[in-house]
Amino acid sequence: MNNKEILIYAQNTLLKVGAQKTKCILTKKEKNELNVASGEISLFRTTFDTNLSLTAIIDNKQGSISLNKLDKENIDDTAKQVVEMAVSSKPDEANDIAEKQPTKEFYKEPFNPDLDKMYERLVEFMDFAKKKHPKTIIEEINFDFTSTNRYFINSNGVDFTITEGIYCFVVMFTSKDGKKTSSFNYVAHVTKDLDTPFSECGNIVKLLGESSEQLNTQQVSGKFVGDVIVTPECMDDFVGFITRYLYDYPIITKTSVFLEKLGKQIASKSFNLHSKPVSDDIAESYFVTSDGYETQDSTVIENGVLKTFLLGLYGAKKTGKERAVNQGGCWEIDSGDKTLDEIIKSTKKGIILKRFSGGNPSDNGDFSGVAKNSYYVEDGKIKFPISETMVSGNLVEMMMNIKQISKERINSGYHNYPWIKFEGLTISGK
Amino acid sequence: MIIKDLKKFAKYFTEYTELRMQENRNIRLTMVNGDMMGNSRSSNSGISARVYKDGSWGFASNADISDEAIINVISSATENAKFLSSRENLQKGELPKTNAMDSKDFSTKKPRKSQKEMIDFLNVIDAHIVKEFPKLSSRTIVIGNLDMEKKLFTSDGAESYSMIPRTTLYVVMTVIKDDQPFELYEVYGWLGQFEDTFDKPEVLFPKLKKQYEHLINKSEGVYPVSGMHDCILDADLAGILAHEAIGHTTEGDIVKGGSVAGDYLGEKVASEMVTLVDFAHTAFGKQCPVPVYVDDEGTKAEDAVIIEDGILKKFMHNKETALHFGHEVTGNARAYGFYDEPLVRMRNTAIMPGKSKLEDMIASIDNGYYLMKSSNGQADSTSEFMFGVVLGYEIKNGKLGKAIKDTTISGVAFDMLKTITMISDDMAWSCGGMCGKKQMIPVGMGGPAIKCKVNIGGK
């Protein structure tokens, strides 16, 4: 059986053994990965993975199993187990599958890696790092190309095929000088091609250069309320903190700080957040949601107003609210009207937050964490890299206190963010 | 899992080779406010080979475990190693030879419970929570099980089989106070499949009551005052301190990558009260939460005494880092899935108990905090750490005061360890730890209560 035939066989088997509604997804992945460990290109890895996910709904009761052995005997046995699991569960009218949409095939090149070019780009980056930043140790690089074939069908007639491939480069580094050690830092870049050396991608070269500066840090003295300029690399944490309140679980359990905020102001008017899983603006993409809907791009926050939650089919049916047209991710924030230089020059007292080491905010939005790889700013000038400094505030208040957004943005291939200055956060030294 | 004789593939080995067949099986049942929001199982199995040639590694894996696929995986991993070694020519020399032989199976001997019986178990817990704790606005109960079954054969002659299961029950309670939600979670569980870990739901009722009382106290609690304070870190936080802030900095690959611990071997890094061990499988005469008898390179897993009486004694190693540093291998090479290469990973990391009583420790603090439960933790190559704290109490004049709201603590571990002045004479393991370092992997973390100075974050 070919891949599609396996999937159709699995669906028919589920229906035959008692499922009333079914969802079947077959994913095949091939990954080629080059690894650097402690400054040496040390591992070349090739992996093939397969996953068949089977879901059955019977009388509004649902069960799911995923497996990676695709012979008929195993599928037959698993289909029976899925149906038994569904029968054992509790009825919930929110359990459902996507309605029929036009059959579609999605393609995103490249489909195969250029292994020689991968090796060449990696060697080139390692040579660059060793030559330009001798005190900086490349602790780890994971550089891979993943090609994916995914087939999605359900018993309502949904039928999607996705074929895609993408390169992902993640580098982690630390500087060392005698007994001095810097904080580690890391940066990732996702790309459809290898046309550009990684030293010229995103903000990688700047972050590498700063690592050795961070061998000599100072502590911020005392505690003050000041400005925090969050960099594009660090912004993903805060976007994650905001958007985690918009998904099924916090809306269903009514623990989201934004539960009653749909259509209302939750951020300063200058803030616009988009999810672009389909657009070519972001290299990373996804075409179909896990529920089985063709994905669309969306604006989640427009001029500071919350335009949509990120509810899946279950969450939407459970809460009576609208299902989102995507699952979030592939984030983009609109650029602002100030240059980064102007933002720094206008800062009286604060920090540039380059990496945030903290936990998820509390249910009420309170957060605190350590400012890593960060810099103290006073009277419009960057003064020194800092250590043992904590940042704290409330996420809800913070989003309403955006002071400036930079014209410049960094497109990492999985998000595209500017620098944003927030005012009124608490910064405390030892 | 289909268990094959891996020895018969030895004739296809041309270099140092590890051949591993593995299946991970998961169960996840999620009940939110009485509704089954998740009811799923998964199994993921396959074969991998890792080959070492002149300092370079090649790795390949496939879900297909036919003889032909296994031969192809060995060949592909060998070709990958040759591809790199011909270009990199690292010439690192031979890896340490180890050939441990062992077989450990922690599968239940009881009749297996059906999915329905496990859902019924959740129903009983849920009904009890609804009846006894009416102030809750929301409740979530999750059963999670992971069985890791591995068969390993290496060109050094190591041969092992293991089936290590772990089952947890995760309970989240939420209460609304003054229009604000407050949440507290707890993880119950241990080594073993569901049948061996959770017998009767009633056994959990007293623990759920305690969790609820802490949550109510927290909802009526105060913000901690930020800054340096005398604190008692209870077992949960001592465990995460041992794992995140110290353990990671002493993993051989992290040391090689520039960790500050590399400069401290043989030096005093902590109060002389502190001894910290990464246990392989047995501690204090009992099974650890994540026992490892033979690691995924075929090395017999031994306890690694990292800090002894305040002195940094040892790093944790795989074969490659042991070769680099000229140290003994410790059996810390572990991989999560069949498609993953082994990395230097901790197993069961704990600070050893001391001689003090917890009540005396609390009585010794005039103004500080008793911090009981963490949400997460991160650490740095400098040993600077951060832990989220989701449960704690003030200490005022030697007595526990009001509960505190969520906060974060931070410090530099190798400085903070020197501020320890008391360690309790008991200890507890946390059972649900998953460590992320390229791959996720189950770990055990544990400790006694420790009295020290840490920086508390907040407004």
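The values are calculated or read from the model by the stated rules, or taken from the named source; none is laboratory data. Keep in mind the model is a prediction, meaning the values are calculated, not measured. Neighbour counts are summed over all protein chains in view; Cβ atoms, including those assigned to glycine, are modelled from backbone coordinates with ideal geometry. All accessible areas refer to the heavy atoms of the entire protein, side chains included, with ligands and DNA or RNA removed. Shrake-Rupley method; radii C 1.70, N 1.55, O 1.52, S 1.80 Å.
Here are a few things to note about the model shown:
- Nonlocal amide H pairs with B:Gly38, under 5 Å, H built at 1.01 Å: B:Thr30
- Each label point was placed 7 Å from the Cα along the Cα-to-Cβ direction; for B:Ala10 and B:Asp425 their separation is 5.3 nm.
- Calculated FRET efficiency for the pair B:Gln91/B:Asp120, C-beta based, R₀ 56 Å, to 0.05: 0.35
- Loop-resident chymotrypsin sites (Phe, Trp or Tyr not before Pro) (DSSP state other than H, G, I, E or B) in region A:89-136 with no more than 15 further Cβ atoms inside 10 Å of their Cβ: A:Phe111.
- Helix content alone sets the calculated 222 nm mean residue ellipticity of chain B: runs of n ≥ 4 DSSP H residues at -39500 (n - 2.57) each, divided across all residues, give -5500 deg cm²/dmol.
- Taking a ≥ b ≥ c as the square roots of the eigenvalues of the Cα gyration tensor, an a/c ratio below 1.5 marks the protein assembly as shown as rounded.
- For chain A, the longest principal axis of the alpha carbon atoms and the long axis of helix A:204-213 meet at an angle near 50°.
- At a threshold of 10 Å², the residues of region B:85-115 that become less accessible to a 1.4 Å probe in the full protein assembly than in their chain on its own are B:Arg87, B:Glu88, B:Leu90, B:Lys92, B:Gln115.
- Fraction of accessible area attributable to carbon and sulfur, the protein assembly as shown (%, probe 1.4 Å): 48 percent
- Translational diffusion coefficient (Stokes-Einstein; Kirkwood radius from C-alpha pairs) of region A:1-95 at 37 °C, 0.692 mPa s, in µm²/s: 221 µm²/s
- Under 5 Å, built H, 5+ apart or other chain: amide partners of B:Lys437: none
- Mean shadow area of region B:227-456 over all directions, Cα convex hull, nm²: 11.6 nm²
- Per-selection metrics, region A:141-300 (Cα): Rg and Dmax in Å: 20.7, 65
- Principal-axis tilt of helix A:3-16 within chain A, Cα atoms, nearest 10 degrees: 60 degrees
- Among the listed pairs B:Lys113/B:Lys150; A:Lys338/A:Lys403; A:Lys206/A:Lys372; B:Lys268/B:Lys418, a Cα-Cα separation exceeding 19 Å is found for B:Lys113/B:Lys150.
- Among the GluC sites (Glu not before Pro) within region A:241-333, those in coil by DSSP and having at most 13 neighbouring Cβ atoms inside 10 Å are A:Glu260, A:Glu322.
- Ratio of the Cα radius of gyration of region B:155-220 to 2.2 N^0.38 Å, where N counts its residues: 1.72
- Per residue, region A:184-260 exposes 37 Å² of solvent-accessible protein surface, assessed with a 1.4 angstrom probe and all protein chains in place.
- The mean count of C-beta atoms from other chains within 10 Å of the C-beta of residues in B:406-419, rounded to a whole number, is 3.
- In the A-B interface, the accessible area buried, summed over both sides, Å² (probe 1.4 Å): 6200 Å²
- Rounded to whole Å, sorted largest first: equivalent-ellipsoid semi-axes of region A:217-430, Cα gyration tensor: 31, 19, 14
- The magnitude of the dipole of the protein assembly as shown, with charges of +1 and -1 set on the Cβ of Lys/Arg and Asp/Glu and taken from the Cα centre, is near 1200 debye.
- Once divided by 2.2 N^0.38 Å, the Cα radius of gyration of region B:280-328 becomes 1.27.
- Dipole check for chain B: with +1 at the C-beta of Lys and Arg, -1 at the C-beta of Asp and Glu, and the Cα centre as origin, the magnitude is about 640 Debye.
- Per-residue shielding of B:386-392, expressed as the average number of other chain Cβ atoms within 10 Å of the residue Cβ, stands at 3.
- Average partner coverage of B:255-263, which counts Cβ from other chains inside 10 Å: 6
- Within region B:66-112, the GluC sites (Glu not before Pro) that combine a DSSP coil assignment with at most 13 other C-beta atoms in a 10 angstrom radius are B:Glu94.
- For chain A, calculated [θ]222 nm from helices alone, where every DSSP H run of n ≥ 4 adds -39500 (n - 2.57): -6500 deg cm²/dmol
- Mean projection area, nm², convex hull over Cα of chain A: 22.2 nm²
- Excluding ligands, DNA and RNA, the accessible surface per residue across region B:273-390 is 31 Å² with a 1.4 Å probe.
- About its Cα centre, the dipole of region A:327-372 is roughly 400 debye, where the only charges are +1 on Lys and Arg Cβ and -1 on Asp and Glu Cβ.
- Set against the 2.2 N^0.38 Å expectation for a compact globular protein, region A:3-213 has a Cα radius of gyration ratio of 1.38.
- Amide hydrogen neighbours beyond the local backbone of B:Ala283, cut-off 5 Å, H modeled: B:Cys288
- Panel note: contact residues of region A:91-126 (accessible area lowered by at least 50 Å² against the chain on its own; 1.4 Å probe) correspond to A:Tyr119.
- Cα-based shape type of chain B, given that a ≥ b ≥ c are square roots of the gyration tensor eigenvalues and the cut on a/c is 1.5: oblate
- With protein chains left intact and a 1.4 Å probe, residues in region A:273-430 average 34 Å² of accessible area per residue.
- With Cα atoms, 0 to 90° folded angle of helix B:115-132 axis to chain B main axis: 20 degrees
- Overall, the anisotropy analysis places region B:250-341 in the oblate class: the square-rooted eigenvalues a ≥ b ≥ c of its C-alpha gyration tensor yield a/c not less than 1.5, with a/b not exceeding b/c.
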